[in-house]
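This report refers to the structure that appears directly beneath it.
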Amino acid sequence: MADEQNDPTSRRPRPPRPQPPRPDVAVEPLRPRQEPTSSVLPKVANALWALTAALILALAAAAALNWEPVLSGVENTVAQQDSTASAADVRNTASATLLSSGAAAAVLVLLGFVALNLLRNAATSSKVLMGAVGILTVGASITFSTFVSDAPALLGGVLHWGPFVVAGTSAATTLVALAPRR
């Protein structure tokens with residue numbers, strides 16, 4: 001046993017080392033934290049876009065409930081542009097025009113809500129998306145008004161003036177959504 005005590009290679013448990021004291025460190029952020037501002041603009045933009053979506057749905061309902069008269073009005077427009085087309089081609093083109101207008105409107109409405117949601121979270125790309133959606137919605141509304149210009153004046157002529165109201169609310173939504181916030 002005496003040899004074990006003098007042997008430097010023997011493994012004896014050593015007492016644990018005391019932990020050094022922890023330094024007092026304070027970390028400050030590089031940028032001060034910005035508290036969310038309570039701007040009313042996002043709520044106004046959401047309300048305007050909801051109004052735009054409701055107006056688009058009203059136009060779609062008016063066109064769907066009066067499908068045959070609206071379709072014949074679009075057929076007249078198509079026939080004026082191409083007098084050599086057969087009646088079946090004119091009808092198919094008119095149907096495709098109305099259905100594609102509805103599909104485009106649905107996509108634009110959804111993209112508008114996505115852009116406003118991103119805008120609420122201050123995503124950088126949201127302003128670009130909202131600007132694009134606003135411009136496309138104004139253009140699509142005015143284009144739709146030219147498609148249905150020969151449609152009969154149903155429900156107080158809603159298909160004649162309705163697209164311009166949609167264009168106006170879409171433009172207003174875009175301007176409010178892109179306005180700088182304080």
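Values as computed for the structure displayed
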quantity	calculated
Segment 66-160 shape via C-alpha gyration tensor axes, a/c threshold 1.5	prolate
By average C-beta atoms within 10 angstrom, highest first, the peptides 22-29, 108-115, 139-146	108-115, 139-146, 22-29
Which label in (1) 10.3; (2) 23.7; (3) 17.3 gives the computed mean projected area of the Cα convex hull in nm²	(2)
Fully extended contour minus Cα-Cα distance, from Arg31 to Gln80, at 0.36 nm per residue	11.3 nm
Cβ-derived FRET efficiency at R0 41 Å, Ala122 paired with Arg11, nearest 0.05	0.10
With every protein chain in place, segment 11-136: carbon and sulfur % of accessible area (1.4 Å)	62
Check: segment 50-182 dipole with +1 on Lys, Arg Cβ and -1 on Asp, Glu Cβ, in debye	860
Under the span-like rule (Cα at least 27 Å along the axis, Kyte-Doolittle mean at least -1.0), DSSP H helices of the chain	41-65, 87-120, 124-147, 158-178
Of Ala61, Ala45, Gly134, farthest towards positive along the dipole that unit charges on Lys, Arg, Asp, Glu beta carbons give segment 39-182	Ala45
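The values are calculated or read from the model by the stated rules, or taken from the named source; none is laboratory data. Fair warning: this is a prediction, and the values are worked out from it, not measured in the lab. Cβ sites come from the backbone with ideal geometry, for glycine too, and all protein chains shown count toward neighbours. These accessible areas exclude ligands, DNA and RNA; they are computed on the full protein's heavy atoms, side chains included. Shrake-Rupley method; radii C 1.70, N 1.55, O 1.52, S 1.80 Å.
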